[in-house]
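The values are calculated or read from the model by the stated rules, or taken from the named source; none is laboratory data. Note that the structure is a prediction, hence the values are computed from the model and not measured. Neighbour counts run over all protein chains shown; Cβ positions are idealised from the backbone, glycine included. Just the protein is used for accessible areas: all its heavy atoms, side chains included, with ligands, DNA and RNA removed. Shrake-Rupley method; radii C 1.70, N 1.55, O 1.52, S 1.80 Å.
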Amino acid sequence: EYDDEGTAARYFYCPKTSKTERGSDNTHPTVKPQELMKYLCRLVTPKGGVVLDPFMGSGSTGMAAKDEGFDFIGIEKEKEYFEIAEARIKVSSPLMEFM
């Protein structure tokens with residue numbers, strides 16, 4: 001038996017997304033911190049792999065994937081959030097194409 005009462009948060013701490021990281025025009029309710037998303041991309045994606053985000057939201061995963069050197073495919077049904085994601089990812093990866 002382990003004498004351990006800590007939560008899973010003790011393994012990876014990441015503060016909430018700052019206003020600067022979030023962006024001034026970002027209305028998405030659940031913007032994720034970049035350091036957390038980079039960690040998760042590295043954790044589950046093999047070198048040279050592709051990160052697929054079927055619920056792209058404001059693009060936090062796409063930004064993190066590109067920062068970590070992965071290709072990225074994002075899907076978002078809400079036009080408002082797609083436009084936010086497009087703008088955020090273009091800032092962090094200006095050569096990325098959007099369709």
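Scanning the range 10-49 for residues that are open to solvent by 60 Å² or more (accessible area, probe 1.4 Å), part of a loop (DSSP other than H, G, I, E, B) and polar (S, T, N, Q) yields Ser24, Thr27, Thr30.
Within the range 51-60, being outside any helix (DSSP H, G or I) and either farther than 23 Å from Glu83 by Cβ or within 8 Å of the chain's Cα centre (by Cα) (or both) holds for one residue alone: Gly59. Filtering the range 11-69 to residues that are touching a Ser or Thr at 6+ places or on another chain (Cβ under 6 Å) and charged (D, E, K, R) leaves Lys32, Asp53, Lys66. Exactly one residue out of Ile89, Ile73 is touching a residue at least 12 places away in the same chain (Cβ under 8 Å) and surrounded by fewer than 20 Cβ atoms within 10 Å (Cβ to Cβ): that is Ile73. On the stretch given as the range 50-68, residues that are more than 23 Å from Ser18 (Cα to Cα) and surrounded by fewer than 15 Cβ atoms within 10 Å (Cβ to Cβ) total 3. Among residues that are touching a residue at least 24 places away in the same chain (Cβ under 8 Å) and touching a Cys at 6+ places or on another chain (Cβ under 8 Å), Leu40 is not included.
Scanning for something modelled with pLDDT of 85 or more, touching a helix residue (DSSP H, G or I) at 6+ places or on another chain (Cβ under 6 Å) and of a type outside the set (Ser, Thr, Tyr), does the range 13-27 turn up at least one residue? Looking through the range 13-27, at least one residue is modelled with pLDDT of 85 or more, touching a helix residue (DSSP H, G or I) at 6+ places or on another chain (Cβ under 6 Å) and of a type outside the set (Ser, Thr, Tyr).
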